[in-house]
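Please treat every number below as a calculation from the coordinates, not as lab data. From a predicted model like this one, the values you see are computed outputs, not experimental measurements. Glycine also receives a Cβ, built like all others from the backbone with ideal geometry; neighbour counts cover every protein chain displayed.
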Amino acid sequence: MPCGCARTQKSDRRPVALDAVRAEEQQVWDSERTIDDWLDEANTWSDNPVGAFDFPLRWRLRDLCDSYGFRLRNLTEPGVLMWDRPAQAVTFVENHDVVRDSPIINDKLLAYALS
């Protein structure tokens, strides 16, 4: 794969090349373990180190903002890239993909403050 840009879907865990565009962050919609594996593989063949969107953190931020009784301690537990691989984590709150199916409804500013 000649470029540093790939995207996988939840049902397809294999990296798929997108044009010859170079990017520093990637989208892998899955668990932190799958994202870790993908980062290891992508950084093995890439001359340009890549990072990944931290979807596990994003789901926790959504739960924090929209679920009654969510404990802030849950944000610091392992399983998100921000804690386990901070140099490769790209944190975010909303993007064009998640806002359609799983938007943060309540207190989105809190999520931005913590991401």
Residue 77 to residue 48: FRET efficiency via 1/(1 + (r/R0)^6), r the Cβ-Cβ distance, R0 30 Å, to the nearest 0.05? 0.45
If you stretched the chain out fully between residue 40 and residue 108, how much longer would it get, using 0.36 nm times the residue separation minus the C-alpha to C-alpha distance? 21.3 nm
Among 65-78, 88-101, the order from most to least packed when residues are scored by Cβ within 10 Å on average: 88-101, 65-78
